[in-house]
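Here the structure comes first, spelled out in structure tokens, and everything after it is commentary.
The values are calculated or read from the model by the stated rules, or taken from the named source; none is laboratory data. What you are looking at is a predicted structure, and each value in this text was computed from that prediction instead of being measured. No Cβ is skipped: glycine too gets one built from the backbone with ideal geometry, and neighbour counts run over all protein chains shown. Heavy atoms of the whole protein, side chains included, go into the accessibility calculation; ligands, DNA and RNA do not. Shrake-Rupley method; radii C 1.70, N 1.55, O 1.52, S 1.80 Å.
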Amino acid sequence: MRKRFFISVALLIASVLAVALPKSGSAQERSGKYTIVIHGGAGTISESMPEAVKTQYYAALKHALTIGRDVLANGGTSMEAVEKVIRYFETDPKFNAGIGAVFTSAGRHELDAAIMNGATLQCGAVAGVEHVAHPITLAKLVMEKTPHILLAYQGADAFAVKMGMKPVPNSYFNTPERKTELEKWMKRLKDHDHGTVGCVCLDEYGNLAAGTSTGGLTGKMPGRIGDSPLVGDGTYANNKTCAVSGTGIGEEYMRNAVGFNINALMAYKGMSLKDAVHYIIHDVLKPGDGGVIAVDRHGNYAMDFNTTGMFRGVATSTGTFEVKIWK
Ligand code: ASP
């Protein structure tokens, strides 16, 4: 009788502790060490851009970096930082994600996004969504609330509604600048416009995360899906190696499994993050294809590209805080 009583008390205490104690990850000690790297797209970015426009880009990059840095410095997780940074970019019309997404050849917007947790290899992605203001958050919900990794088109839009996200009309993403770019692109007067956004982080618990969000390529065929929502191509994170977000011609990133291969060079060949990124960007991809940002579990980072520029920035717990566009 007494024994049964003690067993019940022990079980009760165990279940109370299971609920009250933080889950693994957040229960870990904080190392005081973090790194965050962001990008706002790579491509042909003219250095003769008006000073006022340059200033706006630098300010936006600093703003995004500050959002993520503050999450990490206050003990937030890499997943939280990635989502928060990308949600900001999705509201800034200068970037090709959320508002400001490029137009398809049919004059609409189809958005792609992915997020990946390097600690667990859990990931979620959406492709071709037309009515979701924050595709990155929908990608995280796919990861958390479904047994799947990638939802596309009407199924993804319907899932967003089911999750309580208010649908926006497709015109919500319109900007006059992107319309002009489509017109020029249709007349073959210019290359695809970039401006995809991404974020990779190492948090104080030693966990990596990566996320990417995009409208894809200007004038893409309706139904085209790029590399950004494809885990292992435009987005990848694994605590054993690195977290990567790419930007550029998605078809090349898919052909070369860019995110996974940077990880594989580190895992199987013992390459450093910097060397692995350099190899993929300069020896595997072609000049003009794009760039990547990446961070490893020690907080080393890389921001490399084979285009004229890449909107980018990095902040670390040791005081680095910089944003750049060109070399
Ligand atoms: N990689 C994106 C895509 O192909 C575009 C970009 O990064 O600018 O969809």
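Using Cα pairs under 8 angstrom and six or more residues apart, how large is the relative contact order of the chain, in percent? It would help to have the intermediate numbers written out before the result.
Working: 824 pairs, mean separation 77.6, N = 327.
Rounded, it is 24 percent for the chain.
Among 270-276, 239-245, 120-126, how do they line up by average Cβ neighbours within 10 Å per residue, starting with the highest? Each step should come with its number before you reach the end.
Working: 270-276: 16.9, 239-245: 27.1, 120-126: 22.1.
Order by mean packing, descending: 239-245, 120-126, 270-276.
Would you tell me the accessible area of MET49, worked out with a 1.4 angstrom probe on the heavy atoms of the protein chains, in Å² to the nearest 10?
Here the accessible area works out near 30 Å².
Quote to one decimal, in nm, the extra length available between LYS327 and MET163 on full extension: 0.36 nm per residue of separation minus the C-alpha distance between them. List each step's numbers first, then the result.
Working: separation 164, 0.36 × 164 = 59.04 nm, distance 4.21 nm.
Full-extension gain reported as 54.8 nm.
Might you work out the accessible area of ASP304 for me, using a 1.4 Å probe with all protein chains in place, and round it to the nearest 10 Å²?
Roll a 1.4 Å probe over it and ASP304 shows about 30 Å².
Which entries in the list LYS140/LYS166; LYS140/LYS286; LYS62/LYS327; LYS145/LYS220; LYS240/LYS274; LYS179/LYS286 go over 21 Å, if you measure between the two C-alpha atoms of each? Don't jump to the answer; show the numbers that get you there.
Details: LYS140/LYS166 16 Å; LYS140/LYS286 32 Å; LYS62/LYS327 17 Å; LYS145/LYS220 30 Å; LYS240/LYS274 15 Å; LYS179/LYS286 28 Å.
Violating the 21 Å Cα-Cα cut-off are LYS140/LYS286; LYS145/LYS220; LYS179/LYS286.
Could you tell me which trypsin sites (Lys or Arg not before Pro) in region 125-206 are loop residues by DSSP with no more than 10 other beta carbons within 10 angstrom of their beta carbon?
Answer by residue number: LYS187, ARG188.
List the residues whose amide H sits under 5 Å from the amide H of ALA119, counting only those 5 or more places along or on another chain, with H placed 1.01 Å from N in the peptide plane.
Those lying under 5 Å, H to H, from ALA119 are LEU208, ASN239.
Would you work out the relative contact order for region 119-176, in percent, from Cα pairs under 8 angstrom that are 6 or more residues apart? The partial results should precede the final answer.
Numbers: 73 pairs, mean separation 21.7, N = 58.
Reported as a whole number, the value is 37 percent.
Looking at the chain, identify the longest residue range that excludes and avoids all GluC sites (Glu not before Pro) in DSSP loops having at most 14 other Cβ atoms within 10 Å. Walk me through the numbers on the way to the answer.
Values: sites that count: GLU29, GLU47.
Maximal segment without exposed cleavage sites: 48-327.
When the Karplus curve 6.51 cos²θ - 1.76 cosθ + 1.60 is applied with θ = phi - 60°, which whole-Hz ³J(HN,Hα) does each residue of region 220-226 get, with x for Gly and Pro?
Running phi through 6.51 cos²θ - 1.76 cosθ + 1.60 with θ = phi - 60° gives 4, 5, x, x, 6, 10, x Hz.
Remind me, relative contact order of region 200-312 in percent, using alpha carbon pairs under 8 angstrom and six or more residues apart?
Working: 228 pairs, mean separation 28.0, N = 113.
So the answer I get is 25 percent.
I'd like to know which of ALA160, SER171, ALA264 lies farthest towards the positive end of the charge dipole of the chain, counting +1 on Cβ of Lys and Arg and -1 on Cβ of Asp and Glu.
With unit charges placed on the Cβ atoms, the residue in question is ALA160.
Measuring with a 1.4 Å probe in the full set of protein chains, what accessible area per residue, in whole Å², belongs to region 171-270?
On the way: 3720 Å² over 100 residues.
Per residue, region 171-270 has an accessible area of 37 Å².
I'd like the chymotrypsin sites (Phe, Trp or Tyr not before Pro) in region 229-327 restricted to DSSP loop residues with at most 15 other Cβ atoms within 10 Å, sorted by number. Show your work: numbers first, answer last.
On the way: sites: TYR236, TYR253, PHE260, TYR268, TYR279, TYR301, PHE305, PHE311, PHE321, TRP326; in loops: TRP326.
Those satisfying the criteria are TRP326.
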